[in-house]
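Asker: Below you'll find the structure I mean.
The values are calculated or read from the model by the stated rules, or taken from the named source; none is laboratory data. Bear in mind that the values here come from a model prediction, so they are computed numbers and not experimental data. In this analysis, Cβ positions are derived from the backbone assuming ideal geometry, glycine residues included, and neighbour counts consider all displayed protein chains.
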Amino acid sequence: MSSEAYRVQLSDIFEGPMDLLVYLIKKNEVDIHDIPIARITQQYLAYVEWIRLMNLDSVGDFLLMASTLAQIKSRTLLPVHGNEDEELEDPRLEIARPLLEYLEIKSVADQLAERPLLGEATFARPAEKGQFAGGQEEELIKIGLFELIDAFQKVLKASGGLHKVDLQTDKFSVKEKISELTDLLEEKGSLSFAELFSPNPSRAEVIVTFLAILEMVKLTLLRVAQHAQSGIIRLFFVDA
C-alpha cells in the first residue's frame, strides 16, 4: 500500500486549521489578543510538516492558514511609517477576530451536542461509572489529533527523526496494523500508548501506527484519552 494511496480524512476527526491554532495558544498559555505570532507560526509550520508527510487529507487548508500566519508575521516586522500619532491596527487582530468567533461557535456547538436527542436514549443501557476508564478511578481527559501528534513525534524523535516512509516497500501495513490493534483491544479492552510499539520501534512502525489509530478513530473502533494525573495516554476499544 503506497503512502499516496492511503489517506486519513481529518474532517472525520473534527480537527482543522483553527483547532490547531487554538491548541497552540493553549499550549503556550498566551492571550489570544496578544499572540506571539513568530513563535506560533514556527510551531504551526512544524505540525503542518507532519500532516504533509503523513499525506493526511485537508493539508491544503492547513497550508492556507500557514501562509496567512506568515503574512501577518511579516507585517508585524515591517517598520512603521507616516504619522506617529495615527493609531495603526495590530496585524494580529486579523487572526484574533476569527479565532474568537470560531471559539464562540464551537462553544455553542458543544452545548448543543450535550443536549439529549429525541429517542437517542430509548432502550439504551446506561454506561456504568468507570466503564470508559477501564475500571480505573483516575480522571480521563479526551485528547485530539494534535495531542496524538505530540506523543508520536516524541517516539519518532527517539527513533531517529521524522522522514517520509514508503509504505509500499516497507514491511509494515496500515491494514495489518489496524487488524493487530483490533485483536489486542478486543482481548484487553484498552492499551497504553507505550504498549503500541516494540522496544525499539522504527520510523515506519511509528508512522503506520499513527495512521492506523487515526483510521480506527474515524471508524469509531476506539477512543483515545489521557489520564489527568499521570499523563498516560490510553486507547479504549469501542464494542459496537
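Asker: What's the total number of residues in segment 64-81 that are aliphatic (A, V, I, L, M) and modelled with pLDDT under 90? Please lay out each step first, then the result.
Answerer: In the first step, residues of segment 64-81 are kept if they are aliphatic (A, V, I, L, M); the result is 64-66, 69-70, 72, 77-78, 80.
Narrowing the set further to residues that are modelled with pLDDT under 90 leaves 77-78, 80.
Qualifying residue count for the region: 3.
Asker: Give the residue that is farthest from M65 (Cα to Cα), with candidates limited to residues of segment 15-53 that are at pLDDT 90 or above and touching a Gly at 6+ places or on another chain (Cβ under 8 Å).
Answerer: Once the filter is applied, the top-ranked residue is Y23.
Asker: Please find, within segment 29-50, the residue that is nearest to D19 (Cα to Cα) out of those that are hydrophobic (A, V, I, L, M, F, W, C) and in contact (Cβ under 8 Å) with a residue 40 or more places away in the chain. Quick ask: steps written out before the conclusion?
Answerer: Step one: of segment 29-50, the residues hydrophobic (A, V, I, L, M, F, W, C) are 30, 32, 35, 37-38, 40, 45-46, 48, 50.
Now drop any that are not in contact (Cβ under 8 Å) with a residue 40 or more places away in the chain, which leaves 32, 35, 37, 50.
Numbers: I32: 13, I35: 15, I37: 16, W50: 16 Å.
Restricting to residues being hydrophobic (A, V, I, L, M, F, W, C) and in contact (Cβ under 8 Å) with a residue 40 or more places away in the chain, the top hit is I32.
Asker: Can you tell me how many residues in segment 197-240 are surrounded by fewer than 17 Cβ atoms within 10 Å (Cβ to Cβ) and of a type in the set (A, V, I, L, M)?
Answerer: Counting residues in segment 197-240 that are surrounded by fewer than 17 Cβ atoms within 10 Å (Cβ to Cβ) and of a type in the set (A, V, I, L, M) gives 5.
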